[in-house]
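The values are calculated or read from the model by the stated rules, or taken from the named source; none is laboratory data. This structure is a prediction, so every number in the text was calculated from the model and none was measured. No Cβ is skipped: glycine too gets one built from the backbone with ideal geometry, and neighbour counts run over all protein chains shown.
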Amino acid sequence: MRLYWLKINALAALLLPVCALAQVSYLRPFTDSAGVPSGPTVNSVSTYTGVYALGSPTNLAGQATSASSAGTMVVGGVASDMGWYATGRQTQAFVDYSLGYNGNAQFSQLDGFDQVLMFGLQTKPSPRWTLVLNGQGESTTYGGFLYEPSSSLSLVQQVGTVEELGGAPPGPVTGTGVTNSPLSLTLYGARRRDASARASLVFAKSSRTTWTLSTQFIRDLPATAATSGVTGSIAYAGITEGIASLGVTHSLSRRTEVDGEITYSRSYWLGRGVQVGAGQVGIGHDLSRQWFVRVFGGYGGMTEFPASLKAPYAGSMQGGGSIGAKIDNNTLVVSANRSVSDAYGLGASNSTSGQFAWTWQRPGGPWTLGTSVAYERLAGTTFGLIQGWMGLGTVTRRLSRQFTLVAQGIYASDAGTAGGDFASLMRRGVRLSLMWKPRAKPAS
């Protein structure tokens, strides 16, 4: 339902600069088999039904907590996605809006509308310069965002070549909107509400070297107190974050790229916040026409504000890597990352994450399979150690030129150490969707 934005999110907004300016569109909304849309367009209409359950919570010590299980819930809904698109030689732009309704047979407070509004603009004021603007606002019920893919799965579902896969390695698990992370399933409660905007200025110094200056704003809104107890174990206060970064990518050869990035961010929540400065360098290499590998490392420092907190400076090394392949009908990627960050506003000093994603599709065949596993760990938080993992599987069957059947299953679990009120909740769910895409073309 959000095909275009998933491509943007996975291949541009979350990542370091990619490839040479002359070879890539930083928006990438127009790469589906139906070709480039123009003007007002209905992308899809779908209906779905399923069940999900919230298991009995425990903490890391294996002790039961005071939170109660909500049991198994039957859910269903309808959704549509539409947009307006303009594509020119120097400018591409789009506005995309999706609207849906989710009903819950057990808890009426979990009923409601899902709405997502997204936009993107890419323009070239001169041959060497490119300006990219994109953003989104989202308000979705728990039954809607529970089945969103991880950032790695959305990446492998969209890339066409190993060069694209290696040029856009998956970042940390944490993300705002349209992709899921293990901890977001607990923190957002009954409804996920967030807004983000990003502006990037890209300078192609040469066909081999590209500089990118970007700023980003993120606002994650808390769940309401009346419903957070149904699907979450703490009253999450949300976070406001501003990020500025300067990055460079240089092609050493057709198969090897080096990159560097420095970032500065400030995050606010509950009258307090942190500022983080970090820098890192990386190298990516296409091992063959089928395999890529990338490693990166650097250093980051964090301090709290206002000054009255007198919080000490905390700094540590950060880094990670990814490896992936596109072999015959299979696409896969494995990644790991450790960074100095506090993306959720929980007083964390660092975060560690790992992801695996795989998809299979035979060209022209009716079946598509996909699966992903994501792990997330926060250390030094107000609640002690917080960690979680999430597994998602999808089976897609094309019924005809325009109709597709999608089955999804998810299992996730979060846990926090004793001494805080962050308890775990196991989430298990399955959903079946029937989707109509009026612009779809016959499989080749």
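Given the conditions (1) among the polar types (S, T, N, Q); (2) within 21 Å of SER46 (Cβ to Cβ); (3) crowded, with 19+ Cβ neighbours inside 10 Å, and given that GLN402 satisfies all but one, which numbered condition is not satisfied?
(3)
When only residues in region 190-204 that are under 18 Å from the mean Cα position of the chain (by Cα) and over 18 Å from LEU121 (Cβ atoms) count, which is surrounded by the most Cβ atoms within 10 Å (Cβ to Cβ)?
ARG192
Could you list all residues from region 365-393 that are modelled with pLDDT under 85 and either touching a Pro at 6+ places or on another chain (Cβ under 6 Å) or small (Gly, Ala, Ser) (or both)?
Matches in region 365-393: ALA379, GLY380, GLY384.
Kindly indicate whether any position in region 300-318 is closer than 28 Å to PHE217 by Cβ and in contact with a Pro (Cβ under 6 Å, 6 or more places away or on another chain).
No, that holds for no residue.
Within the set of pairs 6 or more residues apart or between chains, which connect a residue that is free of Cβ contacts under 8 Å to residues at least 12 places away in the same chain and over 26 Å from GLY324 (Cα atoms) inside region 262-291 to a residue that is of a type in the set (Ser, Thr, Tyr) and loosely packed, with under 15 Cβ neighbours inside 10 Å with Cβ atoms less than 8 Å apart?
Taking only residues 6 or more apart or on different chains, not a single pair turns up.
Select from region 136-168 the residues that are β-branched (Val, Ile, Thr) and modelled with pLDDT of 75 or more and write down the one among them that is farthest from the chain's Cα centre (by Cα). If you could, list the steps in order and put the result at the bottom.
Narrowing region 136-168 to residues β-branched (Val, Ile, Thr): 140-141, 156, 159, 161-162.
Keeping just the survivors that are modelled with pLDDT of 75 or more gives 140-141, 156.
Numbers: THR140: 15, THR141: 17, VAL156: 13 Å.
Step by step, filter region 136-168, then rank; the result is THR141.
Yes/no matrix, rows are residues, columns are (1) without any contact (Cβ under 8 Å) to a residue 40 or more places away in the chain; (2) hydrophobic (A, V, I, L, M, F, W, C); (3) surrounded by fewer than 23 Cβ atoms within 10 Å (Cβ to Cβ):
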residue	(1), (2), (3)
ASP96	no, no, no
LEU99	yes, yes, yes
GLN106	yes, no, yes
LEU117	yes, yes, yes
PRO125	yes, no, yes
LEU131	no, yes, yes
ASN134	no, no, no
SER139	no, no, yes
LEU146	no, yes, no
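All but one of (1) modelled with pLDDT of 95 or more; (2) crowded, with 19+ Cβ neighbours inside 10 Å hold for ALA407, so report the exception by its number.
(2)
Among the residues of region 315-351 satisfying the criterion of being of a type in the set (Ser, Thr, Tyr) and not in a strand (DSSP E or B), which is surrounded by the fewest Cβ atoms within 10 Å (Cβ to Cβ)?
By that ranking, first place goes to SER349.
Those residues that are part of a strand (DSSP E or B) and within 17 Å of SER251 (Cα to Cα), I need them from region 281-292; list them, please. Can you show your working first?
Of region 281-292, the ones part of a strand (DSSP E or B) are 281-286, 291-292.
Residues satisfying the conditions are VAL281, GLY282, ILE283, GLY284, HIS285, ASP286, PHE292.
Every residue, every condition in (1) outside any strand (DSSP E or B); (2) among the hydrophobic types (A, V, I, L, M, F, W, C); (3) at pLDDT 90 or above, yes or no:
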residue: ILE218; (1), (2), (3): no, yes, yes
residue: VAL230; (1), (2), (3): yes, yes, no
residue: ALA235; (1), (2), (3): yes, yes, no
residue: THR240; (1), (2), (3): no, no, yes
residue: ALA244; (1), (2), (3): no, yes, yes
residue: VAL258; (1), (2), (3): no, yes, yes
residue: GLU261; (1), (2), (3): no, no, yes
residue: TYR268; (1), (2), (3): no, no, no
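Inspect region 15-35 for any residue being touching a Phe, Trp or Tyr at 6+ places or on another chain (Cβ under 6 Å), more than 30 Å from GLN280 (Cβ to Cβ) and either modelled with pLDDT under 50 or not basic (Lys, Arg) (or both) and give the result as yes or no. Spell out the reasoning first.
Start the filter on region 15-35 by keeping residues that are touching a Phe, Trp or Tyr at 6+ places or on another chain (Cβ under 6 Å), which leaves 29.
Imposing the further condition that a residue be more than 30 Å from GLN280 (Cβ to Cβ) reduces the set to none.
Checked region 15-35: no residue is touching a Phe, Trp or Tyr at 6+ places or on another chain (Cβ under 6 Å), more than 30 Å from GLN280 (Cβ to Cβ) and either modelled with pLDDT under 50 or not basic (Lys, Arg) (or both).
Against the definition (within 20 Å of SER206 (Cα to Cα) and among the acidic types (Asp, Glu)), how does GLU261 come out, yes or no? So that I can check it myself, show each step before the final result.
On the way: within 20 Å of SER206 (Cα to Cα): yes; among the acidic types (Asp, Glu): yes.
Taking the combined requirement at face value, the residue satisfies it.
Considering every residue within region 116-138, establish whether at least one is in a helix (DSSP H, G or I) and closer than 30 Å to ALA204 by Cβ. Walk me through how you get there before you give the answer.
Here is the first cut: in region 116-138, the residues in a helix (DSSP H, G or I) are none.
Checked region 116-138: no residue is in a helix (DSSP H, G or I) and closer than 30 Å to ALA204 by Cβ.
Within region 207-216, is even one residue within 22 Å of ALA53 (Cα to Cα), among the polar types (S, T, N, Q) and in contact (Cβ under 8 Å) with a residue 60 or more places away in the chain? Please lay out each step first, then the result.
Residues of region 207-216 that are within 22 Å of ALA53 (Cα to Cα), as a first pass: none.
No, that holds for no residue.
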